[in-house]
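The values are calculated or read from the model by the stated rules, or taken from the named source; none is laboratory data. Note that the structure is predicted; figures quoted are calculated from it, not measured. Backbone-built Cβ (ideal geometry, glycine too); neighbour counts: all protein chains shown. What goes into the accessible areas is simple: the full protein's heavy atoms, side chains included, and nothing from ligands, DNA or RNA. Shrake-Rupley method; radii C 1.70, N 1.55, O 1.52, S 1.80 Å.
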Amino acid sequence: MGLLQINNLHVNFPTKAGVVRASDGVSLEIKQGESLALVGESGCGKTIVALSIMRLLPEDARISGEIRFEGKNLLSLGKEEIREIRGREIAMIFEQPATCLNPVFTVGDQISEAVRVHNNCSRKESKERAIELMEMVGIPSPQKRCGQYPHEFSGGMQQRVMIAIALALSPSLLIADEPTTSLDVTIQAQIMELLKDLIAKFKTSLFLITHNLGVAAEMCDNVAVMYAGEIVERGRLSEVFEYPRHPYTKALLGAISNDGLRPIKGSVPELTRLPNGCRFHPRCPQAENVCRKVRPEMRFKVRCHLWD
Amino acid sequence: MESVAVERAISALIKVSPYAIEVFERLRENRLAVVGLAIVLSLTLVAILAPFIAPHDPIEQNLGLRLLSPSWQYLLGTDALGRCIMSRLIYGTRVSLQIGVMVVGITALLGTLLGLIAGYVGGVVDEGIMRIVDVFLAFPGLILALVIAGLLGPGLFNIMLALSVIGWTGYARVVRGCVLSAKERGFVEATRALGGSNLYIMFRHVLPEALSPVIVMATLGMGGVILSTAALSFLGLGAQPPMPEWGSMLSGGRAFMRTAPHLTIFPGLAIMVTILSLNFLGDGLRDALDPRQKRKLEI
Amino acid sequence: MLTYIIRRIGVMVFILLGVSVITFSMMHFVPGDPAEVIAIERYGEEVTAETIEHVRRELGLDQPVYIQYFRWLTNVLQGDLGYSARTDRPVLDEILTRLPATIQLALAGMLVSLIIAIPVGIISATKQYSIVDNVSMFGALLGVSMPNFWLGLLLILLFSVHLGWLPVFGRGGIEHLILPAITLGTGMAAITTRLMRSSMLEVLMQNYIRTARAKGLTEKLVIGKHALKNAVIPVVTIVGLQFAHLLEGAVIVETIFAWPGIGRLMVGSIFARDFAVVQGCVLFFALIFVLSNLIVDISYAYLDPRIRYARRRV
């Protein structure tokens, strides 16, 4: 039984330059207690998928498809119903924690607010719980630090605060959108370690969005590879990384292989002007005629003509 | 020789006109700006045609018909001396627009010229002009105008003088800024290297750059001048009786607010509509002249 | 930062010197012989040539202009602004006794502008491009375009003449303050509303608002707590720094409502041709203006380190 099931998700933004097709028929599944990594280069639409789940997209976004969470279609819920789910059942942490914390409220206030929002508890109780959470995410002397403002924290500590906020109500799904991208390498490892421990402790499923394949391999059981608004390959992470089938997955893995960096030639197409046929064909070394004309379907968990 | 000059003028016009058309097209898309333009044009017509439109003599007193409420004969009623308010407002358009055009003309010209000189010549001249600007900007504008007009004695001419004295500084600052940015981008040097004379460079390359902000400032500034004129006249420093001026009409109506509120309401309405339409037009022009620069905060 | 402040203060001293020169020379633009004018003020219309000469010598008006200026400046720096021709009291006293009334009015006007601007700005921003937004932005343009002397009269007409709720003139209890404060605050409210709207729009795009929503906070809390505080801080700062600009409007508002402040003192003195007082008032207003501009510049440079001395000069 899937905890979260995304079926044929389309997200479009009408702009003056044309319609941005940020998500074009994305389907994904996360099972209870499992974790999924969504990988791909920046600008391929990963974050849009995540924000669609939380229904946090800008108002001009046109969304269609289905996002089933514990049986409910999140896309058809009313504003109040989705609000009840946010924070309590699905929580999210983001890139650049420094901009995600409100600069004019204390850290303790921002954590205890998350505790209070779906619980009828007193300010005192929620504050005690906030201090517990801060201790749990490894912030030293939480009694003192809960009265401080976000700018008094380092980047790593800020992300710990965000994690504390996210896990305040032990949600069943945590969405982490590039949680370590803006942090120092050493801090990255610490945060990943912490996240791994905590999702095990809370029995929370993780939906990790990252462009860093190493991080994905470290954290997740399953993987989905996204390119230009569509999923091109998915499966068990160990299998996909060991035997990549889609040329894009191969190229991504090749880019970080041991014999030095080999960046993928060309660049991600603009989402307003997607190429015909397979979207990867302009950069694909194995592209054939059919790749230029016919858009491949997802078959056997890969979207590529070469595997037909 | 002459034909060369004519040719040049024509080619310059051809260069400018597509831009002007483009600006006008963009202006037309802005509904408020179109409304503003329409009102400003109508007011101009009213001012020019005042003697033909006004139903009565604006100055002729008729003590038998004092403080009449609006009626078919006197559409907006009569004032304390039995004069037709409608006619006085119509003639008042003349006064306000004349002062507006003259003061804006003088200050824009003077300010642009000084700004050009300051920015182009630089050095001590620039320093001197800009420090004078700083000193003038140290006074709250209306207060300085009030004192100057007060010291010189009441009268429209003195008000024009006072408003001109305080008005030029903004233009000088903006134009100087444009000149400096043109200099920074180096094409002044380039033209000079090609042998262009100083004057040629100034008028051919730098001035057109500065024209857009000056036009916007002048449009909005016109509203400011009309408002200040009315304010000073309201305080009794501007137009003297029996001249029909909006501000002094308002001030004259104060004493009869209880019995004849229309004396207070209509002149104020005329002032507001005029300034509102100039603001619409000015905002629209700003957006049309520089579509990239979104409406910035004015404080 | 410190060098910036020192340089700005240096510039300010220069500007104040310029201000003093202009204020001083203003008196020389008065049509007629100043000695004669003052003599007439003192001794009535029928003064003899001797009396005029006596006054001229007594006031040092026979000296060269620059000596007169330096003597005047020395006095001003010592707080001696001369004496009022109307009341014979020191000009400085005249100004200082009226200062509280003017400050009270300006503060009340500021308060009015914030009370109007903050809620309207929030609603406009959260419902961008809606009818409510369009109506309030049109209202803001209306507010900017409305002559404050007219607004004042309309308010008197409605609330004092027709409804009889509020007094028309003078200073007294809070009921005296309401109409002048609204008159003064409305123009500013119009500008502040636009400011509040754009500040709010800016804040609503920030990541921490997304975080607040992701927590599952109600929209009321997201806007009323997380967005509001961030959006209001710059607006209140800017409004506070615009204090000096309110004084300009205060001159007219004080005259309409017979509010016993410095603005009314100045207008009255102009008509009474009490030049020493006029001079004093102008100096006072300019000083407040220059000081507040200095504070604005320094605080902006403090808030945004990219703004440096250079920016002002370009």
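Each residue of region C:270-285 in order: what ³J(HN,Hα) in whole Hz does its phi give by Karplus 6.51 cos²θ - 1.76 cosθ + 1.60, θ = phi - 60°, with x for Gly and Pro?
4, 6, 7, 6, 8, 5, 4, 5, 4, 4, x, 5, 4, 4, 4, 4
In degrees, nearest 10, range 0 to 90: what is the angle between the Cα axis of helix B:207-234 and the longest Cα principal axis of chain B?
Here the helix axis deviates by roughly 20 degrees.
Starting from the coordinates of the alpha-carbon atoms of region A:23-110, obtain the Kirkwood hydrodynamic radius over all distinct pairs and give the value in Å to one decimal. Walk me through the numbers before you get to the answer.
On the way: mean 1/r = 0.0663 Å⁻¹.
About 15.1 Å for region A:23-110.
As a check on your grasp of the helix formula, calculate [θ] at 222 nm for the protein assembly as shown: sum -39500 (n - 2.57) over DSSP H runs of n ≥ 4, divide by the residue count, round to the nearest 500.
-19500 deg cm²/dmol
Hey, could you grab the Kirkwood Rh for region B:1-154? Inverse mean 1/r over distinct alpha carbon pairs, Å, one decimal. It would help to have the intermediate numbers written out before the result.
Details: mean 1/r = 0.0481 Å⁻¹.
Across region B:1-154, the inverse of the average 1/r is 20.8 Å.
Quick one: 3J(HN,Hα) in Hz for region C:45-55, Karplus 6.51/-1.76/1.60 with θ = phi - 60°, rounded, Gly and Pro as x.
4, 9, 9, 8, 4, 5, 4, 4, 5, 4, 4
Tell me which trypsin sites (Lys or Arg not before Pro) from region C:95-188 have a DSSP coil assignment and no more than 15 other beta carbons within 10 Å of their own.
Working: sites: C:Arg98, C:Lys127, C:Arg171; in loops: C:Lys127, C:Arg171.
Here the sparse-neighbourhood loop sites are C:Lys127.
Relative contact order for chain C: what percent, with Cα pairs under 8 Å and sequence separation of 6 or more? Could you put the intermediate results ahead of the total?
Details: 330 pairs, mean separation 76.7, N = 314.
Once normalised by length, the contact order is 24 percent.
Could you pull out the GluC sites (Glu not before Pro) across region A:23-106 that fall in loop regions by DSSP (anything but H, G, I, E, B) with no more than 10 other Cβ atoms inside 10 Å? Working shown, then result.
Details: sites: A:Glu29, A:Glu34, A:Glu41, A:Glu59, A:Glu66, A:Glu70, A:Glu80, A:Glu81, A:Glu84, A:Glu89, A:Glu95; in loops: A:Glu34, A:Glu41, A:Glu59, A:Glu70, A:Glu89, A:Glu95.
Those that pass, being in a loop and sparsely packed, are A:Glu59.
How large is the accessible surface of B:Cys84 in square angstrom, using a 1.4 angstrom probe and rounding to the nearest 10?
So the heavy atoms of B:Cys84 present about 0 Å² to solvent.
Charges only on Cβ, +1 for Lys and Arg, -1 for Asp and Glu: so what's the dipole of the protein assembly as shown about the Cα centre, in debye to the nearest 20?
Details: 87 positive and 77 negative charges, 438 e Å.
In debye, rounded to 20, the protein assembly as shown gives about 2100.
Region A:60-139: Rg/Rh from Cα coordinates, Kirkwood Rh? Don't skip to the end; give the middle numbers.
Values: Rg = 15.6 Å, Rh = 14.9 Å.
Here the Rg-to-Rh quotient is 1.04.
Can you tell me what share of the DSSP beta bridges in chain A is antiparallel? A percent to the nearest 5 is fine.
Details: 28 of 47 bridges.
Here the share of antiparallel DSSP bridges comes out near 60 percent.
What's the longest bit of chain C with no exposed GluC sites (Glu not before Pro), using DSSP loop states and at most 11 other Cβ atoms within 10 Å as the test?
Numbers: sites that count: C:Glu45, C:Glu46.
Result, exposed sites excluded: C:47-314.
If you roll a 1.4 Å probe over region C:2-77 with all protein chains in place, what percent of the accessible area is carbon or sulfur?
Carbon and sulfur: 65 percent of the exposed surface of region C:2-77.
Would you mind checking which residues have amide H under 5 Å from A:Leu208's amide H? H placed 1.01 Å from N; only 5 or more apart, or other chain.
Here the answer is A:Leu36, A:Ala37, A:Leu38, A:Ala176, since their amide H atoms fall under 5 Å of that of A:Leu208.
Given 25 °C and 0.890 mPa s, how large is the Stokes-Einstein diffusion coefficient of the protein assembly as shown in µm²/s, with Rh as the Kirkwood radius over Cα pairs? Spell out each step's value before the answer.
Values: Rh = 33.1 Å.
So the translational diffusion coefficient is about 74 µm²/s.
Using only the alpha-carbon atoms, what does chain A span along each of its principal axes? Please give whole angstrom values in decreasing order.
Its Cα atoms span 67, 47, 40 Å along the three principal axes.
How large is log10 I(q)/I(0) at q = 0.13, 0.16 Å⁻¹ when the Debye formula is applied to the Cα atoms of region B:146-287, each weighted equally and without solvent?
-0.72, -0.90
Once Lys and Arg get +1 and Asp and Glu get -1 on their Cβ, which of A:Ile256, A:Ile63, A:Leu3 lies farthest toward the positive end of the dipole of chain A?
Value: A:Ile63.
Greater than 31 Å separation of Cα atoms is the criterion. Which listed pairs, B:Lys183/C:Lys229; A:Lys79/A:Lys301; A:Lys301/C:Lys215; A:Lys79/A:Lys127, meet it? Write out the running numbers ahead of the final one.
Numbers: B:Lys183/C:Lys229 43 Å; A:Lys79/A:Lys301 34 Å; A:Lys301/C:Lys215 34 Å; A:Lys79/A:Lys127 28 Å.
Table pairs above 31 Å Cα-Cα are B:Lys183/C:Lys229; A:Lys79/A:Lys301; A:Lys301/C:Lys215.
Please give the average number of partner chain Cβ atoms lying within 10 Å of the Cβ of each residue in C:16-24, rounded to a whole number. Walk me through the numbers before you get to the answer.
Numbers: counts 2, 1, 6, 6, 1, 1, 9, 3, 0.
Average neighbour count from other chains, rounded to a whole number: 3.
In chain A, what percent of the accessible surface is made up of carbon and sulfur (1.4 Å probe, ligands and nucleic acids excluded)?
Numbers: 6880 of 13940 Å².
The value for chain A is 49 percent carbon and sulfur by accessible area.
Averaging the inverse of every distinct alpha carbon separation and then flipping it gives the Kirkwood radius. What is it for region A:102-232, in angstrom units? Intermediate results must be reported in sequence, preceding the final value.
Values: mean 1/r = 0.0640 Å⁻¹.
Computed over region A:102-232, the radius equals 15.6 Å.
Which Cα, out of A:Ile175, A:Pro14, A:Asn289, lies furthest along the positive dipole direction of chain A (beta carbon charges, K/R +1, D/E -1)?
The one lying farthest along the dipole's positive direction is A:Asn289.
With a 1.4 Å probe, how much accessible area is buried between chains C and B, both sides summed, in Å² to the nearest hundred?
Numbers: alone 17930 and 16630 Å², together 29930 Å².
The C and B chains share an interface burying roughly 4600 Å².
Placing one identical point scatterer on every Cα of region C:2-77 and ignoring solvent, what is log10 I(q)/I(0) from the Debye formula at q = 0.24 Å⁻¹?
-1.11
Just the accessible area per residue of the protein assembly as shown, please: how many Å² with a 1.4 Å probe? Please list the in-between numbers first.
Working: 42930 Å² over 921 residues.
With all protein chains present, the protein assembly as shown gives 47 Å² per residue.
Two decimals is fine: what's Rg over Rh for region C:202-288, C-alpha atoms, Kirkwood radius as Rh?
Working: Rg = 22.3 Å, Rh = 16.3 Å.
Result: Rg/Rh = 1.37.
Helix B:85-121 against the longest principal axis of chain B: what's the angle in degrees, Cα atoms only, rounded to the nearest 10?
The two axes meet at around 20 degrees.
At a temperature of 4 °C and a viscosity of 1.567 mPa s, determine how fast region C:100-303 diffuses translationally according to Stokes-Einstein, using the Kirkwood radius over alpha-carbon pairs as Rh; express D in µm²/s, rounded to the nearest whole number. Don't skip to the answer; put the middle values down first.
Values: Rh = 18.6 Å.
So the translational diffusion coefficient is about 70 µm²/s.
Pull up the cross-link candidates among the aspartates and glutamates for A:Lys265, meaning alpha carbon to alpha carbon under 14 Å and not fewer than 8 places away within one chain.
Counting by Cα, and skipping residues close in sequence, A:Lys265 has these aspartates and glutamates nearby: A:Glu41.
Run down the lysines and flag those whose C-alpha is under 16 Å from the C-alpha of A:Lys31, throwing out any fewer than 8 positions away in its chain.
Excluding near neighbours in sequence, the set is A:Lys72, A:Lys203.
To the nearest Å, what is the center-to-center distance of region B:234-265 and region A:204-273, using C-alpha atoms only?
78 Å
List the residues whose amide H sits under 5 Å from the amide H of A:Glu29, counting only those 5 or more places along or on another chain, with H placed 1.01 Å from N in the peptide plane.
A:Ile6
Quick query: amide H of B:Asn30 versus all other amide H atoms, modeled in the peptide plane; which residues come in under 5 Å with a sequence gap of 5 or more or a different chain?
HN-HN under 5 Å from B:Asn30: empty list.
For region B:116-178, report the translational diffusion coefficient in µm²/s to the nearest whole number, using Stokes-Einstein at 20 °C, 1.002 mPa s, and a Kirkwood Rh over Cα pairs. Intermediate results must be reported in sequence, preceding the final value.
Working: Rh = 12.5 Å.
Roughly 171 µm²/s, to the nearest whole number.
Could you pull out the trypsin sites (Lys or Arg not before Pro) across region A:217-286 that fall in loop regions by DSSP (anything but H, G, I, E, B) with no more than 10 other Cβ atoms inside 10 Å?
On the way: sites: A:Arg234, A:Arg236, A:Arg245, A:Lys250, A:Lys265, A:Arg273, A:Arg279, A:Arg283; in loops: A:Arg245, A:Lys265, A:Arg273, A:Arg279.
Passing both the DSSP loop test and the Cβ count: A:Lys265, A:Arg273.
In a Gaussian network model over chain B where Cα atoms closer than 10 Å are linked, find which of B:Val95, B:Val273, B:Val214 has the largest mean-square fluctuation.
Ranking B:Val95, B:Val273, B:Val214 by mean-square fluctuation puts B:Val273 first.
Considering only protein heavy atoms and a probe of 1.4 Å, how much of the accessible area of region B:200-265 is carbon and sulfur, as a whole percent? It would help to have the intermediate numbers written out before the result.
On the way: 1650 of 2390 Å².
Ligands and nucleic acids excluded, carbon and sulfur reach 69 percent.
Where in chain C is the longest stretch that carries no chymotrypsin sites (Phe, Trp or Tyr not before Pro) classed as loop by DSSP and with at most 16 other Cβ atoms within 10 Å? Intermediate values should be presented prior to the final figure.
Values: sites that count: C:Tyr129, C:Trp165, C:Phe169.
By the stated rule (loop sites, at most 16 other Cβ atoms within 10 Å), C:170-314.
For chain B, the longest stretch holding no trypsin sites (Lys or Arg not before Pro) located in a DSSP loop with at most 14 other Cβ atoms within 10 Å is which? Walk me through the intermediate numbers first.
On the way: sites that count: B:Arg185, B:Arg258, B:Arg292, B:Lys294, B:Arg295, B:Lys296.
The answer is B:1-184.
Using only Cα atoms and rounding to the nearest 10 degrees, what angle (0 to 90) does helix C:131-145 make with the longest principal axis of chain C?
Orientation of helix C:131-145: about 0 degrees from the principal axis.
Restricting the count to DSSP beta bridges whose residues both fall in the protein assembly as shown, what percent are antiparallel, rounded to a multiple of 5? Don't jump to the answer; show the numbers that get you there.
Details: 30 of 49 bridges.
Percent antiparallel among DSSP bridges in the protein assembly as shown is about 60.
For B:Arg131 paired with A:Ser76, estimate the spin-label separation in nm (one decimal), with each label point 7 Å from Cα along the Cα-to-Cβ line.
7.7 nm
Regarding region A:96-170, what whole-number volume in Å³ per residue does the convex hull of its Cα atoms give?
Working: hull volume 5.8 nm³, N = 75.
Enclosed volume per residue, from the Cα hull, is 78 Å³.
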